[in-house]
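Input: a single structure, listed below in structure tokens.
The values are calculated or read from the model by the stated rules, or taken from the named source; none is laboratory data. Keep in mind that this is a model prediction, so the values were computed, not measured. All Cβ positions, glycine included, derive from the backbone under ideal geometry; neighbour counts span all protein chains shown. Calculation scope for accessible area: heavy atoms of the full protein, side chains included, ligands and nucleic acids excluded. Shrake-Rupley method; radii C 1.70, N 1.55, O 1.52, S 1.80 Å.
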Amino acid sequence: SALAFVSEAIASRPNTRIPILTLNHDVAIEQHVSGIADGFTERERGLFSWDPASLAKVSDRPFLLKLHGSIDWRRHPGEVNRIIRFGPTSENHYDLRRRVSQPVILAGTFNKLFGYTSGIFADLFELLRRELRSLDALIVCGYGVGDKGINNQLVACMDDKDRRRMVMV
């Protein structure tokens, strides 16, 4: 599998808080890494809501920051600032599922730069900055260095600490 290296990294540090940062919108990592924390908490059976504070509580497992959103995130139709995702047991939310809009994702050069400053993306960007400041090493895989907002954070991260290392794959 293309994500075998992720499994290997997690297995090499069991019961450890490991941040996984991605710009991908797909759900490949969530499907590959069981039990990964993603910042969503289950408020009702099968219905999860964005809760960035939940990630601060993660101490013993990997967690995922999807910096450009996800194909399975939606705006709640009754609460525009509430981002939700449906779990595998969401059959009792059939009516809500029919009413939700398009996925919550960032795309396009300028949309991303503006998007990083509002809503869930502002939360994610702040979490990214916090995680980068705490790292001693960063492994970057499959990133084409085309996002100016992310690039600025990576440069700041590397300038911040003399002994910090970045490996680009």
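Amide H contacts of ILE18: ARG61, PHE63, each under 5 Å away and 5 or more positions distant or on a separate chain (H built 1.01 Å from N in the peptide plane; Pro and chain starts excluded).
Take ALA28, project a point 7 Å from its Cα along the Cβ direction, then tell me which residues of the stretch 121-145 have their backbone nitrogen under 18 Å from it. Only 139-145 pass the distance filter.
For PHE40, nonlocal amide neighbours, meaning residues 5 or more places apart or on other chains whose placed amide H falls under 5 Å from its own, are ASP51. Using all pairs of distinct alpha-carbon atoms, the Kirkwood hydrodynamic radius of the chain works out to 17.0 angstrom. When both bridge partners sit in the chain, DSSP labels roughly 55% of those beta bridges antiparallel.
Taking other residues whose beta carbon is less than 12 angstrom from the beta carbon of ASN15, and scoring Lys, Arg as +1 and Asp, Glu as -1, yields +2.
The residues of the chain have, on average, 59 Å² of accessible surface per residue, using a 1.4 Å probe with all protein chains present. Pairs of Lys residues in the chain, spaced 8 or more positions apart or belonging to different chains, with C-alpha separations under 24 angstrom: 5 in total.
Going by average Cβ density within 10 Å per residue, which order do the peptides 105-111, 124-130 take, highest to lowest?
Values: 105-111: 12.4, 124-130: 16.9.
Output ranking for 105-111, 124-130: 124-130, 105-111.
Compute the signed sum of charges (Lys and Arg +1, Asp and Glu -1) over the other residues within less than 10 Å, Cβ to Cβ, of TRP73. Neighbourhood net charge equals +2.
Could you calculate the contour length gain from ASN81 to ALA156, that is, 0.36 nm times the residue separation minus the distance between their Cα atoms, to one decimal place in nm?
On the way: separation 75, 0.36 × 75 = 27.00 nm, distance 2.98 nm.
Result for the pair: 24.0 nm of gain on full extension.
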